[in-house]
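The structure under discussion appears below in the form of structure tokens.
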Amino acid sequence: MSKMYGICFRAVGQTARTKSFRLLQRRAFKLSTFDSTLEKPQFPGASAEFVDNLEFIQPNVISGIPVYRVMDRQGNIINPSQDPQLSKETVLNFYQKMTLLNTMDRILYESQRQGRISFYMTNYGEEGTHIGSAAALDPADLVFGQYREAGVLMYRGFPLDHFMAQCYANADDLGKGRQMPVHYGSKDLNFVTISSPLATQIPQAAGTAYAFKRENINRAVICYFGEGAASEGDAHAGFNFSATLECPLIFFCRNNGYAISTPTNEQYRGDGIAARGPGYGMMSIRVDGNDVFAVYNATKEARRRAVAENQPFLIEAMTYRIGHHSTSDDSSAYRSVDEVNYWDKQDHPISRLRHYMTTRGWWSEDDERSWRKQSRKTVMEAFERAEKRLKPNPELLSLTCTMR
């Protein structure tokens, strides 16, 4: 009997404990009820929030990245706080370099048409992107160009004789005639020799900027390219490496409307090139490339922050290629004369800066006539000297091809 009582007692005890355990479970469950709205994604590859409705992101999330400018088309400063307050001498230097480049282009383009040189590419309409950006850099900063940045090299002091020697491939050419025309380079002026294959300079610039960062030498790299080159795989590699390695690098895209004959509406569907920056984790800005002051301000600030913060910046300069892609191209086959004339007559970076100077009494019609005459004479003298020079010694062909 006592044994039976013991068994019953244990059974009752077990039942009581089971009920107590279940009660505690229910209480614990009530206390720890999970609020799914507070849950945060822990995935290592993105920074985001959870949503519970199916919705694809539209390609144009915003109306469009705005275009930063300082001057209107008549050369008037829009917001005085954005005026770079450059001296008269500096502005005159901008203008003279832009017009000298324009004059050199016209003479060398015609020389190719006459069979004097084999090839040429003009910079018509894009002079503001060259001079504005070059002026904002430190002379020690390294430049990777594409093939339409002659003005950058000119601003840095590359002599007309060297431009001519390179295009004529004569004995004075720093590359000893090994490159085709317009493939300039200068070790002394920190300008890497131009290479024909499209976009190869972009990952090279990222690697160089990373080396500068590791050396901690307060130098930046600027890499120029067009919107067509941004479609190359090398652009993706360069953008991604520079962002993840936190490199002091300025990506400068000249969006001039055409990649040879391919217009932008056939080149990409998104909002230009600047819109790609956030996807790589890069600071980005879109500027009016025909406003030399806007280009100057944007590049100067990007350069300052790139070095101070060790991060890349993407500048998209909106401009227009007035000339043919090259002497191998006839752009009348894919665009109208009226389209070209609009940009040449109504929204040209040279005329915009000239309006600015004229308004301030820094430039007159007499100054214009005198300078145009003088600059043409200077270019023609260099042209004639180059044409008389002999070709390089053939024995130099087998020597090193490194940049001088």
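The values are calculated or read from the model by the stated rules, or taken from the named source; none is laboratory data. Fair warning: this is a prediction, and the values are worked out from it, not measured in the lab. For neighbour counting, all protein chains shown are included, and Cβ atoms are generated from backbone atoms with ideal geometry for every residue, glycine included. Accessible surface is based on the protein model in full, side chains and every heavy atom, while ligands, DNA and RNA are left aside. Shrake-Rupley method; radii C 1.70, N 1.55, O 1.52, S 1.80 Å.
State yes or no: is residue 246 surrounded by fewer than 24 Cβ atoms within 10 Å (Cβ to Cβ), charged (D, E, K, R), touching a residue at least 60 places away in the same chain (Cβ under 8 Å) and not in a strand (DSSP E or B)? First the steps, then the outcome.
Numbers: surrounded by fewer than 24 Cβ atoms within 10 Å (Cβ to Cβ): yes; charged (D, E, K, R): yes; touching a residue at least 60 places away in the same chain (Cβ under 8 Å): yes; not in a strand (DSSP E or B): yes.
Taking the combined requirement at face value, the residue satisfies it.
Inside the stretch 118-145, can you point out the residues that are touching a Leu at 6+ places or on another chain (Cβ under 9 Å), open to solvent by less than 10 Å² (accessible area, probe 1.4 Å) and over 17 Å from residue 350 (Cβ atoms)?
120, 143, 145
I need the full set of residues from the stretch 352-380 which are among the acidic types (Asp, Glu) and open to solvent by less than 70 Å² (accessible area, probe 1.4 Å), in order please. Even if it seems obvious, please write down each step before you answer.
Within the stretch 352-380, the first condition is being among the acidic types (Asp, Glu), and the residues that meet it are 365-368.
Within the stretch 352-380, 367, 368 meet the criteria.
Write out, first by first residue and then by second, each pair whose Cβ atoms fall under 8 Å of each other, whose residues are 6+ apart or on separate chains, and whose first residue, in the stretch 331-350, is touching a residue at least 40 places away in the same chain (Cβ under 8 Å) and under 18 Å from residue 317 (Cα atoms) while the second is assigned to a loop (DSSP other than H, G, I, E, B) and among the hydroxyl-bearing types (Ser, Thr, Tyr).
Filtered contacts from the stretch 331-350: 343/320; 344/124; 347/320; 349/319.
When you go through 199, 211 one by one, which is the residue that is part of a helix (DSSP H, G or I) and modelled with pLDDT of 95 or more? Full working, then the answer.
Working: 199 fails: part of a helix (DSSP H, G or I).
Going through 199, 211 in turn, the sole match is 211.
Quick check on residue 161: is it assigned to a loop (DSSP other than H, G, I, E, B), open to solvent by 60 Å² or more (accessible area, probe 1.4 Å) and in contact with a Lys or Arg (Cβ under 7 Å, 6 or more places away or on another chain)?
Numbers: assigned to a loop (DSSP other than H, G, I, E, B): no; open to solvent by 60 Å² or more (accessible area, probe 1.4 Å): yes; in contact with a Lys or Arg (Cβ under 7 Å, 6 or more places away or on another chain): yes.
No; evaluated as a whole, the condition is false for this residue.
Among the residues of the stretch 256-283 satisfying the criterion of being touching a Phe, Trp or Tyr at 6+ places or on another chain (Cβ under 9 Å) and closer than 14 Å to residue 317 by Cβ, which is surrounded by the fewest Cβ atoms within 10 Å (Cβ to Cβ)?
264
Could you give me the residue pairs with C-beta distances under 7 Å whose first residue belongs to the stretch 299-311 and is over 18 Å from residue 278 (Cα atoms), whose second residue is open to solvent by 80 Å² or more (accessible area, probe 1.4 Å) wherever it lies, and which are 6+ apart or on separate chains?
Listed pairs, sorted by first residue: 307/218.
Looking at residue 261, is it within 15 Å of residue 239 (Cβ to Cβ) and among the polar types (S, T, N, Q)? Working first, answer last.
On the way: within 15 Å of residue 239 (Cβ to Cβ): no; among the polar types (S, T, N, Q): yes.
When the stated conditions are applied, residue 261 does not pass them.
Taking the stretch 314-333, which residues are in a helix (DSSP H, G or I) and surrounded by 16 or more Cβ atoms within 10 Å (Cβ to Cβ)? If you could, list the steps in order and put the result at the bottom.
Applying the first criterion (in a helix (DSSP H, G or I)) to the stretch 314-333 yields 331-333.
Listed by number, the list holds a single entry, 331.
Would you be able to say whether some residue in the stretch 290-302 is closer than 19 Å to residue 198 by Cα, touching a helix residue (DSSP H, G or I) at 6+ places or on another chain (Cβ under 8 Å) and in a loop (DSSP other than H, G, I, E, B)?
no
Matching residues to (1) of a type outside the set (A, V, I, L, M); (2) touching a strand residue (DSSP E or B) at 6+ places or on another chain (Cβ under 8 Å); (3) under 16 Å from residue 112 (Cβ atoms):
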| residue | (1), (2), (3) |
| --- | --- |
| 154 | no, no, no |
| 157 | yes, no, no |
| 169 | no, no, yes |
| 175 | yes, no, no |
| 191 | yes, yes, no |
| 196 | yes, no, no |
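Run down 351, 370, 375 and say which single residue is in a helix (DSSP H, G or I) and over 23 Å from residue 121 (Cα atoms).
Selected residue: 370, the only one of 351, 370, 375 that is in a helix (DSSP H, G or I) and over 23 Å from residue 121 (Cα atoms).
So which residues in the stretch 97-153 are part of a helix (DSSP H, G or I), within 18 Å of residue 193 (Cβ to Cβ) and either of a type outside the set (A, V, I, L, M, F, W, C) or in contact with a Gly (Cβ under 9 Å, 6 or more places away or on another chain) (or both)?
The initial filter retains those residues of the stretch 97-153 that are part of a helix (DSSP H, G or I), namely 97-113, 127-135, 150-153.
From what's left, within 18 Å of residue 193 (Cβ to Cβ): 130, 134, 150-153.
Correct list: 130, 134, 151, 152, 153.
Could you look through the stretch 284-313, keep only residues that are aliphatic (A, V, I, L, M) and more than 12 Å from the chain's Cα centre (by Cα), and pick out the one that is most open to solvent (accessible area, probe 1.4 Å)? Outline the logic, then answer.
Pass one, the stretch 284-313, residues aliphatic (A, V, I, L, M): 285, 287, 292, 294-295, 298, 302, 306-308.
Remaining after also requiring more than 12 Å from the chain's Cα centre (by Cα): 292, 294, 306-308.
Details: 292: 1, 294: 0, 306: 0, 307: 27, 308: 77 Å².
Ranking the candidates gives 308 first.
Kindly evaluate residue 180 against the criterion of being part of a helix (DSSP H, G or I) and either out of contact with any Leu (no Cβ under 7 Å at 6 or more places or on another chain) or among the hydrophobic types (A, V, I, L, M, F, W, C) (or both).
Numbers: part of a helix (DSSP H, G or I): no; either out of contact with any Leu (no Cβ under 7 Å at 6 or more places or on another chain) or among the hydrophobic types (A, V, I, L, M, F, W, C) (or both): yes.
For residue 180, the condition - part of a helix (DSSP H, G or I) and either out of contact with any Leu (no Cβ under 7 Å at 6 or more places or on another chain) or among the hydrophobic types (A, V, I, L, M, F, W, C) (or both) - is not met.
Quick one: would you say residue 184 is among the hydroxyl-bearing types (Ser, Thr, Tyr), touching a helix residue (DSSP H, G or I) at 6+ places or on another chain (Cβ under 9 Å) and without any contact (Cβ under 8 Å) to a residue 40 or more places away in the chain?
Values: among the hydroxyl-bearing types (Ser, Thr, Tyr): yes; touching a helix residue (DSSP H, G or I) at 6+ places or on another chain (Cβ under 9 Å): yes; without any contact (Cβ under 8 Å) to a residue 40 or more places away in the chain: yes.
So residue 184 passes the test.
Does residue 106 fit the bill of being free of Cβ contacts under 8 Å to residues at least 40 places away in the same chain, touching a Leu at 6+ places or on another chain (Cβ under 6 Å) and surrounded by fewer than 20 Cβ atoms within 10 Å (Cβ to Cβ)?
On the way: free of Cβ contacts under 8 Å to residues at least 40 places away in the same chain: yes; touching a Leu at 6+ places or on another chain (Cβ under 6 Å): no; surrounded by fewer than 20 Cβ atoms within 10 Å (Cβ to Cβ): yes.
Spelling it out, it is not the case that residue 106 is free of Cβ contacts under 8 Å to residues at least 40 places away in the same chain, touching a Leu at 6+ places or on another chain (Cβ under 6 Å) and surrounded by fewer than 20 Cβ atoms within 10 Å (Cβ to Cβ).
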